[in-house]
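In what follows, a single structure is set out as structure tokens and then discussed.
The values are calculated or read from the model by the stated rules, or taken from the named source; none is laboratory data. Model, not experiment: these values are computed from the prediction. When we count neighbours, we look across all protein chains shown, and the Cβ atoms used for this are built from the backbone with ideal geometry, even at glycine. Note: areas computed on protein heavy atoms with side chains; ligands, DNA, RNA excluded. Shrake-Rupley method; radii C 1.70, N 1.55, O 1.52, S 1.80 Å.
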Amino acid sequence: MAGLWLVLTAAAAAFAQPAAEPTDGGLGESLDVVGHGPGPALWRVTGEASTLWIIGVPAVVPADLSLSLDSIESAVAVSQRYLAVPELVSKVANPLAAIGTLRKVKRLERNAGGKKLKDVLSRDRYFLFGRIRGRYAPRDSFEKLRPYAAAEELFELAVAAEGLSKPVAVLAAIRRAARKASLESVRTSVEVLPKDLLAALGSISAEQDLRCFDDTLSQLDSQLDQFRNRAEAWARGEAVPASDSADPRLPCGSSAEAFRGFIAVRDQAWLQAAETALRGTGSSVAALPMSEIERPEGLLGQLATQGYEVHRPH
């Protein structure tokens, strides 16, 4: 579920930062903030009297990433607002209820009728899964999981085995820079009711399940090195060509129709905040997943269709 940036929180953590933007560091990732350097290249969106600086963040980065914040801090220095990463949040007020919801999620990720993974996959698919599993997670068992859930879990383990991680520390560093400069923080999160989350997971069809499985394994089989190379180029301030900069896809669950609806609402909340900033004056800065920048139908592309000028980094 990580690609949806969806997190279940208990009452005690209701005011904590969501999973996409942790309070500090994060989940095995160690960000080495180096001295002066170019830093990540920024996109620029302009209105009549306003500028929105966009920091595109890769979905995975080297766990020991070295990064200069010069370009980010320069944008922050001339800005008045910070637009947080668009996210979906599902809150459960009672800790026991949160545990119960997570258990229900786990049940929905299992094959029906006690079937094993080898029972629901073709021989070729199961062989490919076994080959990749042998490379990254030979001691882990995935047999009770539905194909999409098995592929996603294997993807997470493979990313860690390759020395990659989610960009949680990068996002935390961006947020700290904005807070240090006293920028107004504009939240764009959208809450999803736990019952709707469970209904969406339950609506994933067998066809969607296998399509997600195939897409995920295709990335594991051939693209992890590309993810590392893109992230390192990003940290050096290089503008990666659009054709070479695709991020890992959203999680399999996002292909269900119910998830598409959630994502549309989330995107609309971010677009509304971005257009409010662009219709005003001054500058704002925002962080977006790289996939939302490079996909023609992504959030940056949607701003362009509304008549705003989008300037790519050189």
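Restricting the range 110-154 to residues that are of a type in the set (Asp, Glu) and not in a helix (DSSP H, G or I), the residue that is nearest to ASP215 (Cα to Cα) is GLU143. Could you check, for the range 179-188, whether at least one of its residues is at pLDDT below 90 and within 22 Å of LEU271 (Cα to Cα)? Yes, the range 179-188 contains a residue that is at pLDDT below 90 and within 22 Å of LEU271 (Cα to Cα). Taken together, PHE127, PHE142, PHE155 contain a single residue that is over 22 Å from the mean Cα position of the chain (by Cα) and in contact (Cβ under 8 Å) with a residue 24 or more places away in the chain, which is PHE142.
Out of the residues in the range 42-68 meeting the condition of being open to solvent by 20 Å² or more (accessible area, probe 1.4 Å) and among the hydrophobic types (A, V, I, L, M, F, W, C), tell me which one is farthest from ALA286 (Cα to Cα). Applying the filter and picking the extreme gives ALA63.
Within the range 195-224, can you find the residues that are under 27 Å from ALA97 (Cβ atoms) and open to solvent by 30 Å² or more (accessible area, probe 1.4 Å)? Result: LYS195, ASP196, LEU198, ALA199, GLY202, SER203. PHE129 fails exactly one of the following numbered conditions: (1) under 30 Å from ASN229 (Cα atoms); (2) in contact with a helix residue (DSSP H, G or I) (Cβ under 6 Å, 6 or more places away or on another chain); (3) modelled with pLDDT of 95 or more; (4) open to solvent by less than 40 Å² (accessible area, probe 1.4 Å). What is the number of that condition? The one condition PHE129 does not meet is (2).
Here VAL92 passes the criteria (1) at pLDDT below 95; (2) more than 30 Å from GLU275 (Cβ to Cβ); (3) open to solvent by 80 Å² or more (accessible area, probe 1.4 Å) except the one numbered (3).
Taking (1) surrounded by fewer than 16 Cβ atoms within 10 Å (Cβ to Cβ); (2) out of contact with any Lys or Arg (no Cβ under 7 Å at 6 or more places or on another chain) in turn, LEU121 satisfies each apart from (1).
Restricting attention to the range 192-215, the residues being in contact with a Cys (Cβ under 7 Å, 6 or more places away or on another chain) and of a type in the set (Lys, Arg) number 0.
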